[in-house]
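To keep things clear, I will list the structure first and then write my remarks on it.
The values are calculated or read from the model by the stated rules, or taken from the named source; none is laboratory data. Note that the structure is a prediction, hence the values are computed from the model and not measured. Positions of Cβ are backbone-derived with ideal geometry, glycine not excepted, and every protein chain shown enters the neighbour counts. Keep in mind that these areas ignore ligands, DNA and RNA; they rest on the heavy atoms of the full protein, side chains included. Shrake-Rupley method; radii C 1.70, N 1.55, O 1.52, S 1.80 Å.
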Amino acid sequence: MNEATIAKIKERLASLRKLPGIGEKSVAQVLEEHGFTRRDFLKWSAAMAVMLGLPTKFSPLIAEAAEVSDRLPVVWLHLAECTGCSESLIRNDSPTIDNIIFNFINLQYHDTIMAAAGWQAEENYEEALEKFAGRFVLCVEGGVPTKDGGEFLTIGPNAETGLEKLKRTAAKAAAVISVGTCSSFGGIQAAAPNPTGVKGVYQVINKPVINVPGCPPSAKNIVGTILYVILFGALPAVDNFNRPKFAYGLRIHDLCERRGHFDAGEFVEQFGDNGAENGFCLYKVGCKGPYTFNNCSRERFNQHTSWPVQAGHGCIGCSEPDFWDSMAPYEEPLANHKFASASVDATADKVGATILTVAGVAIVAHAALSAIKNPKE
Ligand code: SF4
Ligand code: SF4
């Protein structure tokens with residue numbers, strides 16, 4: 001990143017700062033009320049810079065971007081989903097800085113948390129679309145039913161289909177972010193036999209979409225993506241499945257704390273055995289970490305305290321396309337089952353699918369070899 005880029009970001013942040021915020025309190029005040037010091041905040045922005053793959057000299061700019069996050073108009077649509085993504089971000093008895101930043105973005109419309117209802121809500125929505133046309137970020141939670149013109153999902157007093165509402169809103173958005181696995185790839189609604197023809201957002205609109213999958217996705221990945229948009233006014237670099245590389249560039253397996261046990265051929269054979277007590281690798285009880293691209297093993301959850309594998313259950317691959325079908329059964333290794341890379345093939349370019357398939361074969365071979373080498377067996 002050169003000085004010209006930094007100057008451009010500073011200019012962008014300065015112009016955002018001139019826009020009205022959403023409340024009387026600043027981000028700094030809200031953080032203070034929740035017990036975070038300025039030092040905590042700066043530590044957080046430095047960690048965010050690392051996560052986004054930016055040089056550390058960017059951390060003051062990230063702090064500034066977080067401070068003006070209440071100037072960024074956001075329209076949040078709920079399509080076919082369980083609201084788990086919003087719930088996981090909003091309902092928190094001890095919020096993290098990520099949650100607070102998320103709560104502070106300028107949410108113009110959000111079915112679940114806005115006070116308005118019925119016609120009033122519709123009016124707010126139409127107003128936001130007009131007032132912030134070309135400037136707002138559209139976040140979508142939920143897959144898009146497409147069968148029979150999308151009539152399996154209608155929203156609001158006009159009974160507009162989710163498909164129509166999405167297309168109409170996306171046409172006016174500056175950027176589109178799919179929050180969660182349902183909006184990214186269809187999620188459980190799209191599981192076989194997918195009776196309502198649910199698709200991911202990127203499959204039904206003619207605009208670049210950034211996918212932030214997970215069931216639910218990590219607050220860090222959502223906030224990181226939003227901060228990136230605030231900083232650069234553009235979407236970050238993505239992988240074959242439109243996921244930001246900064247968050248989904250590595251497999252869970254690559255940075256897992258149980259990896260040493262995998263390499264040594266030390267596996268949990270069944271839950272509750274000695275291997276489980278000793279923190280051995282969970283591959284044989286179904287961990288899909290070797291097939292799953294996400295940063296859970298690095299960023300963890302709940303203020304970095306833990307994550308599923310640390311808690312003793314394998315990763316179920318929730319940030320991968322079609323994981324309901326391709327990763328199941330969740331407590332058995334894929335070695336015993338045909339890995340459904342064919343369904344991955346159908347929605348992504350062949351390179352990603354080939355890598356996954358080759359990785360799958362190599363891992364199965366390695367797991368078998370490690371098991372043979374393991375002197376304890
Ligand atoms: S298979 Fe799962 S538990 Fe084992 S090292 Fe890989 S990610 Fe960790
Ligand atoms: S560990 Fe795996 S299943 Fe769990 S949240 Fe991360 S990607 Fe999803």
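List of remarks:
- Sorted largest first by accessible area at a 1.4 angstrom probe radius, with every protein chain in place, the residues HIS304, HIS110 fall in the order HIS304, HIS110.
- Ranking THR5, THR112 from most to least accessible surface, computed with a 1.4 Å probe over the protein chains only, gives THR112, THR5.
- Computed P(r) (all Cα pairs; region 138-234; 5 Å bins; percent): 3, 14, 23, 23, 20, 10, 6, 1, 0
- Simple spin-label estimate for GLU127 and GLU24 in nanometres, 7 Å along Cα-Cβ: 2.1
- Candidates GLY272, GLY197, GLY314, ranked by Gaussian network fluctuation over the chain, Cα under 10 Å, top entry: GLY272
- Distance between region 12-65 and region 71-136 - C-alpha centres, whole angstrom: 20
- Heavy atoms of ARG259 accessible to a 1.4 Å probe, total area in Å² rounded to 10: 70
- Between LYS10 and ALA117, the FRET efficiency estimated from the beta carbon spacing at R0 = 45 angstrom works out to 0.65.
- Above-threshold pairs, the threshold being 30 Å between Cα atoms, out of LYS25/LYS57; LYS8/LYS165; LYS165/LYS288; LYS43/LYS288; LYS10/LYS167: LYS8/LYS165; LYS165/LYS288; LYS43/LYS288; LYS10/LYS167
- Sorted on the mean count of surrounding Cβ atoms within 10 Å across their residues, most packed first, peptides 237-244, 101-108, 177-184, 73-80 read 177-184, 73-80, 101-108, 237-244.
- Fraction of beta bridges assigned by DSSP in the chain that are antiparallel (%, nearest 5): 30
- Pair-distance distribution of the chain: all C-alpha pairs, bin width 10 Å, starting at 0; shares per bin in whole percent are 5, 23, 31, 24, 13, 4, 0.
- Computed with every protein chain present, the accessible area of LEU235 is close to 60 Å² [probe 1.4 Å].
- Computed packing ranks the peptides 122-130, 226-234 as 226-234, 122-130, most packed first, by mean other Cβ atoms within 10 Å.
- Taking all protein chains as they are arranged and a probe of 1.4 Å, the heavy atoms of LYS199 leave approximately 90 Å² accessible to solvent.
- The aspartates and glutamates whose alpha-carbon is closer than 17 Å to the alpha-carbon of LYS147, local same-chain residues fewer than 8 away aside, are GLU81, GLU160, GLU164.
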